[in-house]
Amino acid sequence: MIPRPPKPLFVPARPNFTASGGAAPPDTDIDILPEEEIDEALDQPWHVIVYDDPVNLMTYVTMIIMRIFGYPSATAEKMMFEVHYKGKSVVWTGTRERAEHYVQQLQSHQLLAAMKKAG
């Protein structure tokens, strides 16, 4: 005669499903919720702005703009003069994540930079 295994001490009970909450039993129809609307603010472009400061030389600002954004010398100089004479210049426009990255890079080179929603 083969011995039987001992009975378990604890037998889990089937969960109690109520109308007020809890998980749906496996044989119940599942309602599909409508998709959430996409936040339009996330799709809007952002400006990267460099502000004038009394510390950095114009040649340094030009060099940093060329290095970070890969602009040719003439474009970077135009932006630098805009910063110098108007107090600020939009140096790049695009996605928020990329704008945050560029602002961090500009600030790491001691330039006054910020980002702002376009429009």
Out of all the residues in region 50-57, is one or more assigned to a helix (DSSP H, G or I) and modelled with pLDDT under 95? no
Lone unmet requirement of (1) among the aliphatic types (A, V, I, L, M); (2) modelled with pLDDT of 95 or more; (3) in a helix (DSSP H, G or I) for ALA41: (2)
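Would you tally the residues in region 68-77 being touching a helix residue (DSSP H, G or I) at 6+ places or on another chain (Cβ under 7 Å) and in a loop (DSSP other than H, G, I, E, B)?
Residues that pass the stated criteria total 1.
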Against the condition surrounded by 13 or more Cβ atoms within 10 Å (Cβ to Cβ), modelled with pLDDT of 95 or more, more than 18 Å from the chain's Cα centre (by Cα) and not in a loop (DSSP other than H, G, I, E, B), how does VAL103 come out, does it pass? no
Picked from region 65-100 (must be within 13 Å of TYR51 (Cβ to Cβ) and touching a residue at least 40 places away in the same chain (Cβ under 8 Å)), the residue farthest from the chain's Cα centre (by Cα) is SER89
Could you check how many residues of region 87-98 are part of a helix (DSSP H, G or I) and within 15 Å of ALA114 (Cβ to Cβ)? 2
Against the conditions (1) part of a helix (DSSP H, G or I); (2) loosely packed, with under 14 Cβ neighbours inside 10 Å, where does MET80 fall short? Just the number, please. (2)
Being surrounded by fewer than 12 Cβ atoms within 10 Å (Cβ to Cβ) and among the polar types (S, T, N, Q) is the filter here; which residues of region 44-73 pass it? THR59, SER73
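The values are calculated or read from the model by the stated rules, or taken from the named source; none is laboratory data. All figures in this text were calculated on a predicted structure; none of them were measured in a lab. Backbone-built Cβ (ideal geometry, glycine too); neighbour counts: all protein chains shown.
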